[in-house]
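J.: This is the structure I want to talk about, given as structure tokens.
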Amino acid sequence: MFLTKKTLLTAFTVIAVTGCVTTTNDTEQLAKITNLESSLVASKTLTTQTKNELDSANMALKISEEKIIKLSMALEKSQKMAKTTKAIKNPKVTHIDDKTILGQSEWVYVSTVKENFKGRIDTGAATSSLNAVDIERFERDGEKWVRFNLTHAKGNKAEMIEAKIVRIAKITQSSKPGVETERPVVKLHVRIGDVAHLTEFTLTSRLHMEYPVLIGRTFMQDVVLVDVSKEYIFEKHQAPKKQ
């Protein structure tokens, strides 16, 4: 009888212990599952939040790129304006792109006589004009030529020029309506700064004017910009010395 009671007591003890272990394991497993579910929910929430932030970042980036493009265009425009403004304000700037900047007055080098003369740059005149006194017309090899003196000031050395007449210009003076004056037109090679080419000149006396040479649009066309606030941007041209 004693053995039987002892055996039953042992068995009861084992069953009781086993039941406790099982309950403890179930509780731990349930806690782990709950933690995993919480982590999963938190992960999904974080993923959604991250996606929203990424979408916002992409939108901001797109807006920023558009702003950068607009700012770049505005900067380019501003730089061009600044370049033009600098050229107008700074007499040392002599070119904009492929065009030469001239002041309202410049030294005009006449290649035929190798001399510099004061010139007025006049965008309102179509053809250039040159002081000419003692004009004498003559023929050479069956063509009409003209001989004239380019000297402007009294007492200066006479600068005689001979040139072929390319046409005759008929000028109507505002002071004498209906009265036309014929003036010979010749082509001469002249230089202002780095602009040099043949251009037409109407011959007339300019002794009563300050400038012996007037430069018109035919000389300036497509190669010159005029800054009327400046004078003599370019120095006198010096012809190369013969060796």
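The values are calculated or read from the model by the stated rules, or taken from the named source; none is laboratory data. Keep in mind that what you see is a predicted model, and the values were worked out from it rather than measured. Reconstructed Cβ throughout: ideal geometry from the backbone, glycine too, with neighbour counts over all protein chains shown.
J.: Kindly establish whether E115 is free of Cβ contacts under 8 Å to residues at least 60 places away in the same chain and either within 22 Å of I233 (Cβ to Cβ) or in contact with a strand residue (DSSP E or B) (Cβ under 6 Å, 6 or more places away or on another chain) (or both).
T.: Details: free of Cβ contacts under 8 Å to residues at least 60 places away in the same chain: yes; either within 22 Å of I233 (Cβ to Cβ) or in contact with a strand residue (DSSP E or B) (Cβ under 6 Å, 6 or more places away or on another chain) (or both): yes.
So E115 fits the description; yes.
J.: Out of (1) in contact (Cβ under 8 Å) with a residue 40 or more places away in the chain; (2) at negative phi; (3) in contact with a strand residue (DSSP E or B) (Cβ under 8 Å, 6 or more places away or on another chain); (4) assigned by TED's automatic domain parsing to the domain that holds V133, the odd one out for K236 is which?
T.: All conditions pass for K236, except number (4).
J.: Here's a follow-up. On the basis of being in a strand (DSSP E or B), within 40 Å of the chain's Cα centre (by Cα) and of a type in the set (F, W, Y), does F148 make the cut? Break it down stepwise before answering.
T.: Values: in a strand (DSSP E or B): yes; within 40 Å of the chain's Cα centre (by Cα): no; of a type in the set (F, W, Y): yes.
When the stated conditions are applied, F148 does not pass them.
J.: What number of residues in segment 119-145 are farther than 15 Å from F201 by Cα and part of a strand (DSSP E or B)?
T.: Residues meeting the conditions: 8.
J.: State all residues of segment 202-238 that are within 33 Å of the chain's Cα centre (by Cα), more than 15 Å from V93 (Cβ to Cβ) and among the small types (G, A, S); if no residue qualifies, say none.
T.: Residue satisfying the conditions is G216 alone.
J.: Moving to a separate point now. If I filter segment 214-222 for residues that are surrounded by 13 or more Cβ atoms within 10 Å (Cβ to Cβ), more than 21 Å from F148 (Cα to Cα), in the same structural domain as M160 (by TED's automatic domain parsing) and touching a His at 6+ places or on another chain (Cβ under 9 Å), do I get at least one hit?
T.: Yes: one or more hits.
J.: If you take the residues in segment 177-199 that are out of contact with any Leu (no Cβ under 8 Å at 6 or more places or on another chain), more than 21 Å from I101 (Cα to Cα) and not in a loop (DSSP other than H, G, I, E, B), which one is modelled with the lowest pLDDT?
T.: Once the filter is applied, the top-ranked residue is E180.
J.: Now a separate question. Search segment 151-176 for residues being exposed (fewer than 11 other Cβ atoms within 10 Å of the Cβ), assigned to a loop (DSSP other than H, G, I, E, B) and not small (G, A, S), and hand back the single one that is modelled with the lowest pLDDT.
T.: Residue satisfying both the conditions and the ranking: K154.
J.: Further question: Can you pull out every residue in segment 130-139 that is modelled with pLDDT of 95 or more and under 38 Å from the mean Cα position of the chain (by Cα)?
T.: None; the set is empty.
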